[in-house]
Structure formats: C-alpha cells, structure tokens
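Read the structure below first, then the notes.
Only the coordinates and a few stated rules stand behind these numbers; no lab work does. Predicted, not measured: the structure shown is a model, and the values here were computed from it. In this analysis, Cβ positions are derived from the backbone assuming ideal geometry, glycine residues included, and neighbour counts consider all displayed protein chains.
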Amino acid sequence: MELIDTHCHLNDPRLEADLPEVLARARQAGVKVMIVVGYDLASSAKAVALAEREKDLYATVGVHPHDAAKVPPDYLERLRSWAKTGKVVAVGEIGLDFYRNLSPPARQREVFLAQLHLARELSLPVVIHCRDAYDELYSLLKGEKSELEGVLHCFSGTWREAERFLALGFYLSFAGTITFPRSDSLAEVVARMELERLLLETDAPYLAPVPHRGKRNEPAYLVHIARKVAEIRGMRVEEVAAASAASARRLFGLKEGELDG
Ligand SMILES: [Zn+2]
Ligand SMILES: [Zn+2]
C-alpha cells in the first residue's frame, strides 16, 4: 500500500525530539512521502531543511492566518527565496481563520492574498487553512480569475460548501476528524466527491485519528484515516490509498521514480 501524508508538521517541537523514530514508524506503515508544512517563517525554514535531508520529505512554505499579524516586512522575499529551492512543492499553509481570530481579519486577508499571488508568480499550488470562513474564502478564490491550484486542508465544511470549491478545481484533504463520532456531514462530503480530488493527511501532531484520539499524532497513523474513507465509500483501503497518492503526486508535482530507490 502506498500512502502520502500531504500535511504534517514534522517541524513542530512536539515531533522533533524523536523524529528518527517517528519517520521509521511512518515508513513501516507504508507512508511513502510526507509533506512538511510551514506555518510561519521559522517553521518554513525548518520544513525546507528537513526536506533537504530526507529523501521522502517535501516542504511547503507560508504564513498561517494565526501568524499574519506578526510577519516581518520582508516575509514575501524570504518565502520566495525558499520556494525556489528544489523540494518546496507548495505555498502554505495560508488562509483565513475566523474561529480563533488570532490575527485581525483584515490582516489575515491581506497576508493570504499576498501569498496567493506569490504562489501564482512561482507556479506553485497552495495549501489552504480555513476555519469559519468558507464563504469569504470562496469569494476571494473566485475573484482570483487566473488559474490557481491547491487543496483545502483538514476540510470541515458541508457538501454545499465542498461543491463550490470542487467546481473551482480545488482538492479537499481529510484528517483524523473524519474518524471522530458525529462526523456525518464530513462523511457526506467524502462519499459524494470525486475520488480524484481527495487527499489524505494527518496534520500531525494535531488531530490524532481514532484509536489514538487525544494523543500526539504522527504520520504512521494515516492508515486509520485511509481506512475510514474506504469504509465510507465502500472501497478497499488499497484503492483509496493508491488514488489519493496519485492525486497528491499530480497536485504537488511529485515524480514517481525518484521516491522509490
Ligand atoms: Zn491548518
Ligand atoms: Zn497544519
């Protein structure tokens, strides 16, 4: 079975301490590629360094909406210089979070749009974080007339919301929340969407899936999310793993051969 964890924070202090063991367990569990997602400048730098060191790791660079208020004036130049290095596959995670509003909404919008434009300039996809802001996210993305590719990570919206982003060509990624009780509305999205646009992620160290819920999450647990998606869609887990891995390779431009040796 081939699994790709499209969103994990191996750059988080909670995973750094025993990273060699975390990576060994992930590889043992069939996770062939892990995309290490940056959320501010320091974590983006770490993501790039990890990807340079480990063959099966790739990186994204970006500033999370929580950190939008704290960015230094030269943040776009710094992201741009990292994004040109070989193993950076996306700009992210970027977006809007009106649930916690750790940065003022106006500043979140500004920093999000600036990074969307950076992604377009660099022809990279975007990894989007969105919480309690799907309407506004949709109008911002729709307003960006020219081609933008990307994924809405840890999707938590309804089928009506999902449909609109799928129509714009976006991918949706599912995390451990799909394994939690009372996730019927999310299960409806998983059941109805095209499999070709569905990605899997752990978002480790957050959101550990059942049966590890409440503990530190790590990429080795991705299989529980794949199994749940397979159960909802009435498919074999191997099929879900293969289809979502192919989608991840397509979106992030990962080549098959270079990962296997
Ligand atoms: Zn996020
Ligand atoms: Zn994340």
### Message
Are there any trypsin sites (Lys or Arg not before Pro) in the stretch 1-68 that are in a DSSP loop and have at most 16 other Cβ atoms within 10 Å? List them by number.
### Response
K55
### the chain, relative contact order in percent, only Cα pairs under 8 angstrom and at least six apart counted
20 percent
### Message
If you only keep lysine pairs separated by 8 or more in sequence, or across chains, how many in the chain come under 19 Å at the Cα atoms?
### Response
13
### Query
Does the chain classify as rounded, prolate or oblate by the C-alpha gyration tensor (a ≥ b ≥ c root eigenvalues; a/c under 1.5 gives rounded; else a/b over b/c gives prolate, otherwise oblate)?
rounded
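Given charges of +1 on the Cβ of Lys and Arg and -1 on the Cβ of Asp and Glu, with all other atoms neutral, how large is the dipole of the chain about its Cα centre, in debye to the nearest 20? Can you show the working numbers first?
Working: 34 positive and 38 negative charges, 36 e Å.
In total the dipole reaches around 180 debye.
Using a/c under 1.5 as the rounded threshold, could you call the stretch 184-261 rounded, prolate or oblate? The axes a ≥ b ≥ c are square roots of the C-alpha gyration tensor eigenvalues, and prolate needs a/b larger than b/c, oblate otherwise.
Oblate, because a/c is 1.5 or more while a/b does not exceed b/c.
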### Query
Can you sort S244, S103 so the residue with the fewest Cβ neighbours within 10 Å comes first?
S103, S244
### Query
If you wrap the stretch 127-261's Cα atoms in a convex hull and average its projection over all directions, what's the area in nm²?
8.7 nm²
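Hand me the GluC sites (Glu not before Pro) from the stretch 79-144 located in a DSSP loop with no more than 16 other Cβ atoms within 10 Å, in residue order please.
On the way: sites: E93, E110, E121, E136, E144; in loops: E144.
Listed in order of number, the matching sites are E144.
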### Task
Please build a GNM for the chain, connecting alpha carbons under 10 Å apart, and tell me which residue among S81, S156, S247 fluctuates the most.
S81
### Task
For the stretch 199-215 and the stretch 117-174, compute the distance between their C-alpha centroids and round to whole Å.
22 Å
